[in-house]
1. Using the Kirkwood radius over Cα pairs, work out the Stokes-Einstein diffusion coefficient for segment 87-185 at 10 °C and 1.306 mPa s, in µm²/s as a whole number.
2. With angles folded into 0 to 90 degrees, how steeply does helix 33-42 sit against the dominant principal axis of the chain? Use alpha carbons for both and round to 10.
3. Over segment 1-92, what is the mean sequence separation of C-alpha contacts under 8 Å (at least six apart), divided by residue count, expressed as relative contact order in percent?
4. Provide, for the chain, the number of lysine pairs with alpha carbons under 27 Å apart, each pair being eight or more places apart or on different chains.
5. Of the DSSP beta bridges with both residues in the chain, give the percent that are antiparallel, rounding to the nearest 5.
6. Viscosity 1.306 mPa s, temperature 10 °C: give me the Stokes-Einstein translational D for the chain in µm²/s, with Rh taken as the Kirkwood radius over C-alpha pairs.
7. For segment 1-57, take N as its residue count and report Rg(C-alpha) divided by 2.2 N^0.38 Å.
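What follows is calculated from the coordinates using simple rules that are stated; it is not laboratory data. None of the values given here were measured: they were computed from a predicted structure.
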Amino acid sequence: MRILVVEDDVDLNRQLCEALVDAGYVVDKAFDGEEGHFLGDTEPYDAVILDIGLPVKDGISVLEEWRRDQRKMPVLILTARDRWTDKVQGIDAGADDYVAKPFHMEEVLARIRALVRRSAGLASSEIEIGPVRLDTAGSKVTVDGMAVKLTSHEYRLLSYMMHHHEKVISRTELTEHLYDQDFDRDSNTIEVFVGRLRKKLPNDFIQTVRGLGYKVSAT
Ligand code: CA
């Protein structure tokens, strides 16, 4: 899952990025509204954390422009505690949720998990497909109730596929959502990771759809 963080406070931006990376997300960052707007407009993100008070272009304008251009990714806005008007404006501009500063990092992570889940049409923090169960809150995977040990790469890959199960996912889509913008994108890398992941999962859990990509399915 790939997240964009737009926050001009350098320390806070770094703390958010570190916490997200630790939680298994791939993160791109921007420090002003124009840079943030550009990334959100051109790159596919599974969620965005957007500060309202930003230099060059404020967060409300950034969000309004994305929504006007049909950019539909979930957006969590960061607001100043004493400015309730930010929340109202933000939600009217198309924010999906907000957190007031100062916040606990755990709260931001929980809200991001919920936004990613909801945008995939899932109601619970656990995704169960056939014998495979993915616990998005604890980053754990079980097959028939038995814990499966995955590397962070493998977990990210499986998590993305299970959030989008029953849908054919191309290698390009996986690459775009599993690596940040600086990654050397080679679709063979994805094949290698899928191959390793398959060995830890039931046969045919990850199906290859010839010429199109992969699909995770219960049958
Ligand atoms: Ca700010």
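1. 103 µm²/s
2. Helix 33-42 sits roughly 30 degrees off the main axis of the chain.
3. Relative CO of segment 1-92 lands at 29 percent.
4. 27
5. Close to 45 percent.
6. Translational diffusion coefficient: 88 µm²/s.
7. Its radius of gyration relative to the 2.2 N^0.38 Å reference: 1.02.
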